[in-house]
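The values are calculated or read from the model by the stated rules, or taken from the named source; none is laboratory data. Predicted, not measured: the structure shown is a model, and the values here were computed from it. Positions of Cβ are backbone-derived with ideal geometry, glycine not excepted, and every protein chain shown enters the neighbour counts. Surface accessibility is based on the protein's heavy atoms, side chains included, excluding ligands, DNA and RNA. Shrake-Rupley method; radii C 1.70, N 1.55, O 1.52, S 1.80 Å.
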Amino acid sequence: MEAADVVIVGAGHGGAQAAIALRQGGFAGSVLIVGDEPELPYERPPLSKDYLAGDKGFDRLLIRKAEFWAERGIDFALGERVTAVEAGAHRLTCASGRAIGYGQLIWAAGGTPRRLTCPGAEARGVHYVRTRADIDGVIAELGPARTIAVIGGGYIGLEAAAVLAKLGKSVVLFEAGERVLGRVAGAALSRFFEAEHRAHGVALHLGVSVAAIEVADGRAAGVRLADGAVVAADLVMVGIGIIPNVAPLLAAGAEGGNGVRVDAQCRTRVSDVFAIGDCALHANRYAGGAEIRLESVQNANDQASTAARAIMGTPTPYDAVPWFWSNQYDLKLQTVGLSTGHDEAILRGDPATRGFSVVYRRDGAVIALDCVNAVKDYVAGRALVAGAVRADAAALADPAVPLKSLSDGYAGTLASA
């Protein structure tokens, strides 16, 4: 049976960064990355943006070239899906029957797209947005398609809608909530992006439930809503979240459900097993101490480094400021912190100028910022969020007042620490 000192399950951002961090930290043991896709680790965020648009070829999405991994003695088992973890034997079993032993295991398996369960959901022409193969499937059918239905008004759905609109397609977007980005942003930001998409010709249907995918000759032909209305479409793209890939770990004795529970060093309850990235359920002080999963490149990379340090005997608690970004049309949305649970949203600037921020507070403390084409606010806002700064509301709302001036005291404390 083949084996490695550290086996990493998942070849996404988290898995790649875990291997890199181990080598950068001087880890000399064997490292093996097991991935269920045939490709070397690549960036996923551009899939629904630059890659779908044809602005970036796949080679430009690779996190590192093949030579990088070879030079560092990092091995791969690609096209392999892990189906079982035998904790006592320190052994993995893959769907192919391949068995792999491990000394330490880092689980970075991410998640699979949440699928529609309505009639017609499995028809040809219904696509999900998660992997290169998913987007390649869309691109292969995109040429003759005139009307595209996008189901889901989160980041993925909106980014795809923006690209498709720029490609000259007629786009119809369906969102079950009363506004887009309803789970991650305040109403002001939602309404701004709704207006932007409508201005670019995207038809938004909010507060609707998809009852079925209409099918003709085995292929998606439209979307039928719960009220009976039918919207014709040549192709359907679905972005309604992910289901974390944690079943083998839970079966092996790890705790969790919507993700696998980890401690401050990203350790699971199973000996010698860590979990990081989209599938890791962890207590996060930027969420008020609640246990959450964070689906972001930042979280994957930072937790990867945390797990690597623990393996190398220099444990450091995970305590990173969350950040995210989204590109839609000529708009760059940058978010720092978590706005969930805010009791106040302060608009900074005028959305009509297409450059503004929303500052979120809870009990008077800044907990997050959404910055649209406002890089300086985003950069300075990190210190406000990290320090839970209680800045004056009028100053936060005034674009003439640099946010850096409101966080100088906290930044000075960080510098002297």
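Based on DSSP H runs of at least 4 residues, each adding -39500 (n - 2.57), what is the mean residue ellipticity at 222 nm of the chain after dividing by all its residues, to the nearest 500 deg cm²/dmol?
Using -39500 (n - 2.57) per qualifying helix, the result is -7500 deg cm²/dmol.
At a threshold of 8 angstrom on Cα-Cα distance, excluding pairs fewer than six apart, so keeping six or more, what relative contact order does the stretch 264-327 reach in percent? Could you put the intermediate results ahead of the total?
Numbers: 89 pairs, mean separation 21.9, N = 64.
In percent, rounded to a whole number, it is 34.
Let me check I've understood the local charge: for residue 324, count other residues with C-beta under 11 angstrom from its C-beta, Lys and Arg +1, Asp and Glu -1. What total comes out?
Around residue 324, the charge tally is -2.
Counting only heavy atoms of the protein chains and using a 1.4 Å probe, residue 2 has close to 80 Å² of accessible surface. In straight-distance terms, cross-link reach from residue 332 covers every one of the lysines whose alpha-carbon lies under 21 Å from its own, apart from those fewer than eight places away in the same chain; here that gives 49, 56, 166, 376, 404.
From the square roots a ≥ b ≥ c of the eigenvalues of the alpha-carbon gyration tensor of the stretch 22-125, which class results: rounded (a/c under 1.5), prolate (a/b over b/c), or oblate? It is oblate, given that a/c is not under 1.5 and a/b is not larger than b/c. For residue 368, the shell of other residues with beta-carbons less than 10 Å away shows a net charge of +1, using +1 for Lys and Arg and -1 for Asp and Glu.
Using a Förster radius of 51 Å, what is the FRET efficiency between residue 78 and residue 227 based on their Cβ-Cβ separation? Nearest 0.05, please.
On the way: r = 46 Å, r/R0 = 0.90.
Plugging the Cβ-Cβ distance into 1/(1 + (r/R0)^6) gives 0.65.
The residue among 335, 368, 346 whose Cα reaches farthest toward the positive pole of the charge dipole of the stretch 325-371, with charges on the beta-carbon of Lys, Arg, Asp and Glu, is 335.
Can you tell me the FRET efficiency between residue 124 and residue 30 if r is taken as the Cβ-Cβ distance and R0 is 41 Å, rounded to the nearest 0.05?
Details: r = 43 Å, r/R0 = 1.05.
Rounded to the nearest 0.05, the efficiency is 0.45.
Give me the percent of the accessible area of the chain that comes from carbon and sulfur atoms, probe 1.4 Å, all protein chains in place.
Here it works out to 51 percent.
Rounded to the nearest 20 debye, the dipole size of the stretch 100-200 about its Cα centre is 40 debye, using +1 on the Cβ of Lys and Arg and -1 on the Cβ of Asp and Glu.
Sequence-distant contacts, meaning Cα pairs under 8 Å at least 6 residues apart, place the relative contact order of the stretch 146-300 at 17 percent. Taking all Cα pairs closer than 8 Å and separated by 6 or more residues, the relative contact order of the stretch 289-358 comes to 18 percent.
With a probe of 1.4 Å, find how much accessible area the chain has per residue, and write the answer as a whole number in Å². The partial results should precede the final answer.
On the way: 17150 Å² over 417 residues.
Counting only protein heavy atoms, the per-residue value for the chain is 41 Å².
Highest mean packing comes first when the peptides 370-379, 59-68, 77-86 are listed by Cβ atoms within 10 Å, giving 370-379, 77-86, 59-68. One compactness figure for the chain is 1.02, namely its Cα radius of gyration divided by 2.2 N^0.38 Å. Each other residue within a Cβ distance under 9 Å of residue 204 adds +1 if Lys or Arg and -1 if Asp or Glu, for a net charge of -1. For the stretch 3-54, pairs of C-alpha atoms spaced more than 12 angstrom apart make up 66 percent of the total. For the pair residue 66 and residue 139, a Förster radius of 25 Å applied to the C-beta separation gives a FRET efficiency near 0.55, rounded to the nearest 0.05.
Leaving ligands, DNA and RNA out of it, rank 230, 126 by accessible area with a 1.4 Å probe, largest first.
Details: 230 85, 126 20 Å².
Accessible-area ranking of 230, 126, largest first: 230, 126.
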